[in-house]
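*Asks:* After the structure tokens below, expect a handful of questions from me.
The values are calculated or read from the model by the stated rules, or taken from the named source; none is laboratory data. Please read all numbers here as calculations on a predicted model, not as lab measurements. Cβ: placed from backbone, ideal geometry, glycine included. Neighbour counts: every protein chain shown. These area figures cover heavy atoms from the full protein model, side chains too; ligands, DNA and RNA do not enter into them. Shrake-Rupley method; radii C 1.70, N 1.55, O 1.52, S 1.80 Å.
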Amino acid sequence: MRYTFPKDFMWGVATAAAQIEGAAFEGGRGPSIWDVFSRLPGKIKNDGRPDVACDSYHLYEKDVALMKEMGVKTYRFSFSWPRIIPDGSGEVNPEGIRYYKELIACLKKNGIVPNATMYHWDLPYALQVKGGFGNREIITWFKHYAEVLLDNFGEDVDLWVTFNEPIAVYVGHALGFFAPGLQDEKYARQCLHHLLVCHGEVVRMFRERNLQNAKIGIVVDVWKHYPARAGNEEDEASAVYNNEITGYGMFLHPLFLGGYSGELQKYLKEQDMEPVTEEGDFEIMRRKVDFYGLNFYNGLYDNAEELRAREKAQKEGGNYQDRPESHPEAIRDVLHMLVEKYKVDVPIYITENGLPQDAGEGREKNLDDQERIDYVKDVLSALHETMEDGIQVKGYYMWSLLDNFEWSAGYAARYGLYYTDYQTLERIPKKSAGWYRQVIAENGFDVE
Ligand code: IFM
């Protein structure tokens, strides 16, 4: 059987500044919260730091050439806030502007459509010192940053994303294993509230500019949780908690339906964690976007007993890292949920999807990534079926073009279509790179 995608389907690859650029202390860039966090002992696997990463700051032309060779139609990257405005709110760094101008020009020269994210987790450290997302001033700081981006690159970027996976801000403030490494859920709730206002305010600024060819959206990852044992009360409660209270519901409800969901409001009240709000905040958050970016990785089945065992092992410092079972088919349910429950009525892009490999398995094994091909094929098959159900999906981006700095996992998890040799900075195609190239060339693939 053959799956063929629509003629104008946008095949792409995705990366993010802090994960690939390196040059952390070059070109006038200021430190980000990840530069600081990665220097705290034990925070990043094997003490990996984003200082050099894939050195795409210097090697971007090489990376664009890889994309061109693969035939990708669109590239999703992010701007580094501390490269554009080193202290977050003051002077603009001309070298930062120059770098992205050159990157975008290079993409255009090669016929690759830019999809750019304003914020992919690398807050300027100078702003964190002032409270970061917990300080309502973040709205002014973010608007200033967005204005600089839109002034310089407005029409040159076809697809603008305000935020990538806002949940990272929750993880970094409530759970502590992402930067800035705090464990204060009440503060985290306030941060998320401000973040959503930042998003809505920038959508308004964007509209005022009346850009002809550019569109604006947001990327929210959905890891949908299901009860492992239907009818088991604990499993069901766990799925609701993970979806509504600490998962996608925190964002999708205010963005597309308006306000926090009933479950979330109840929880926040009970826990005395209701964020401070101002009149009009919820209307601002809900400003209409042009598209929605779904980062899909897996569906998860919650078994309360197993989750308790995992939590215990983690608290005891154990390394409980079993990879959950793969549920690529969940993408179909997730897309239906977006449209039917959250009333998402704008085009959807799959802005990330992929599979990690364990770097410890070694280079040869990493290069022969049939497992990734099989997984992505399953996701794309389910995606195709969902599109046949009538759900509009305009494009798909693989995470990631090349192995890169995988946050708390450092360099121990490899997601790339290209293998990055961190000693020589060579990019070596994995089996999946050839496979993806063929999918793009044929605009589809065969399944047995
Ligand atoms: O590497 C991350 C990316 O930054 C955000 N989405 C998930 C990816 C894989 O963990």
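*Asks:* Residue by residue through segment 266-283, note down the ones that are assigned to a helix (DSSP H, G or I) and open to solvent by less than 100 Å² (accessible area, probe 1.4 Å).
*Replies:* At the first step, the residues of segment 266-283 found to be assigned to a helix (DSSP H, G or I) are 266-270, 281-283.
Correct list: Tyr267, Leu268, Asp281, Phe282.
*Asks:* Another question, if that's okay. Given the structure, is Val334 farther than 27 Å from Asp55 by Cβ, open to solvent by less than 20 Å² (accessible area, probe 1.4 Å) and within 16 Å of the ligand (Cβ to nearest atom)? Can you show your working first?
*Replies:* On the way: farther than 27 Å from Asp55 by Cβ: yes; open to solvent by less than 20 Å² (accessible area, probe 1.4 Å): yes; within 16 Å of the ligand (Cβ to nearest atom): yes.
When the stated conditions are applied, Val334 passes them.
*Asks:* Moving to a separate point now. How many of the residues in segment 343-400 are farther than 22 Å from Ser56 by Cα, assigned to a loop (DSSP other than H, G, I, E, B), among the small types (Gly, Ala, Ser) and open to solvent by less than 30 Å² (accessible area, probe 1.4 Å)? Don't jump to the end; show me each part of the working.
*Replies:* Looking only at segment 343-400, we keep the residues that are farther than 22 Å from Ser56 by Cα, and these are 343-350, 358, 360-362, 364-365, 368-396.
Still in the running and assigned to a loop (DSSP other than H, G, I, E, B): 343-347, 362, 368-369, 389-392.
The next check asks that each one be among the small types (Gly, Ala, Ser); those that pass are 362, 390.
If we keep only those that are open to solvent by less than 30 Å² (accessible area, probe 1.4 Å) as well, we get 362.
Result for segment 343-400: 1.
*Asks:* Further, regarding this structure: Restrict the check to segment 417-427 and report whether at least one residue is within 15 Å of the ligand (Cβ to nearest atom), at pLDDT 95 or above and not in a strand (DSSP E or B).
*Replies:* Yes: segment 417-427 contains one or more residues that are within 15 Å of the ligand (Cβ to nearest atom), at pLDDT 95 or above and not in a strand (DSSP E or B).
*Asks:* Any residue that is touching a strand residue (DSSP E or B) at 6+ places or on another chain (Cβ under 6 Å) and either in contact (Cβ under 8 Å) with a residue 60 or more places away in the chain or part of a helix (DSSP H, G or I) (or both) - is there at least one of those in segment 328-339? So that I can check it myself, show each step before the final result.
*Replies:* Kept after step one, since they are touching a strand residue (DSSP E or B) at 6+ places or on another chain (Cβ under 6 Å), are these residues of segment 328-339: none.
No, the conditions are met nowhere in segment 328-339.
*Asks:* Out of everything in segment 56-86 that is of a type in the set (D, E, K, R) and out of contact with any helix residue (DSSP H, G or I) (no Cβ under 8 Å at 6 or more places or on another chain), what residue ends up being nearest to Gly217 (Cα to Cα)? Write out each step before concluding.
*Replies:* Here is the first cut: in segment 56-86, the residues of a type in the set (D, E, K, R) are 61-63, 68-69, 73, 76, 83.
Restricting the remaining residues to those that are out of contact with any helix residue (DSSP H, G or I) (no Cβ under 8 Å at 6 or more places or on another chain) gives 62, 68, 76.
On the way: Lys62: 28, Lys68: 25, Arg76: 13 Å.
Looking at the filtered set, the residue picked out is Arg76.
*Asks:* Quick test of your reading of the structure: Leu367 fulfils all but one of (1) away from the ligand (no atom under 16 Å from the Cβ); (2) closer than 19 Å to Thr4 by Cβ; (3) aliphatic (A, V, I, L, M). Name the failing condition by number.
*Replies:* (2)
*Asks:* So, of the residues in segment 119-172 that are within 16 Å of the ligand (Cβ to nearest atom) and part of a helix (DSSP H, G or I), which turns out to be most open to solvent (accessible area, probe 1.4 Å)? Give the steps one after another, and end with the answer.
*Replies:* In the first step, residues of segment 119-172 are kept if they are within 16 Å of the ligand (Cβ to nearest atom); the result is 119-123, 161-172.
Going one step further and asking which of them are part of a helix (DSSP H, G or I), we end up with 167-172.
Numbers: Ile167: 35, Ala168: 8, Val169: 10, Tyr170: 9, Val171: 17, Gly172: 0 Å².
Looking at the filtered set, the residue picked out is Ile167.
*Asks:* Considering only segment 175-197, how many residues are away from the ligand (no atom under 16 Å from the Cβ) and touching a residue at least 60 places away in the same chain (Cβ under 8 Å)? Lay out the reasoning, then the answer.
*Replies:* The initial filter retains those residues of segment 175-197 that are away from the ligand (no atom under 16 Å from the Cβ), namely 176, 180-194, 196-197.
Within this subset, residues satisfying the condition of being touching a residue at least 60 places away in the same chain (Cβ under 8 Å) are 180-181, 185-186, 189-190, 192-194, 196-197.
Number satisfying all stated conditions: 11.
*Asks:* Residues to consider are Val202, Val219, Val240; find the one that is aliphatic (A, V, I, L, M) and within 16 Å of the ligand (Cβ to nearest atom).
*Replies:* Numbers: Val202 fails: within 16 Å of the ligand (Cβ to nearest atom); Val240 fails: within 16 Å of the ligand (Cβ to nearest atom).
From the options Val202, Val219, Val240, the qualifying one is Val219.
*Asks:* Out of the helices (runs of 4 or more DSSP H) lying entirely within segment 26-97, which hold 2 or more residues that are among the charged types (D, E, K, R)?
*Replies:* Working: elements: 33-37, 56-70, 81-84.
Qualifying helices (runs of 4 or more DSSP H): 56-70.
*Asks:* Checking the structure you have, find out if any residue of segment 360-372 is out of contact with any His (no Cβ under 6 Å at 6 or more places or on another chain), under 18 Å from Asp221 (Cβ atoms) and touching a residue at least 40 places away in the same chain (Cβ under 8 Å). Write out each step before concluding.
*Replies:* Residues of segment 360-372 out of contact with any His (no Cβ under 6 Å at 6 or more places or on another chain): 360-372.
Right, trim to under 18 Å from Asp221 (Cβ atoms) and you get none.
No, segment 360-372 contains no residue that is out of contact with any His (no Cβ under 6 Å at 6 or more places or on another chain), under 18 Å from Asp221 (Cβ atoms) and touching a residue at least 40 places away in the same chain (Cβ under 8 Å).
*Asks:* Please enumerate the residues belonging to segment 223-240 that are at pLDDT 95 or above and either of a type in the set (A, V, I, L, M, F, W, C) or under 15 Å from Arg310 (Cβ atoms) (or both). Outline the logic, then answer.
*Replies:* Let us first name the residues in segment 223-240 that are at pLDDT 95 or above, namely 223-229, 231-240.
Answer for segment 223-240, where residues must be at pLDDT 95 or above and either of a type in the set (A, V, I, L, M, F, W, C) or under 15 Å from Arg310 (Cβ atoms) (or both): Trp223, His225, Ala228, Glu234, Asp235, Ala237, Ser238, Ala239, Val240.
*Asks:* What's the total number of residues in segment 370-409 that are at positive phi and within 16 Å of the ligand (Cβ to nearest atom)?
*Replies:* 1
*Asks:* Let me ask something additional. In segment 181-208, what residues are part of a loop (DSSP other than H, G, I, E, B) and open to solvent by less than 10 Å² (accessible area, probe 1.4 Å)? If you could, list the steps in order and put the result at the bottom.
*Replies:* Initial filter on segment 181-208 (part of a loop (DSSP other than H, G, I, E, B)): 181-184.
None; the set is empty.
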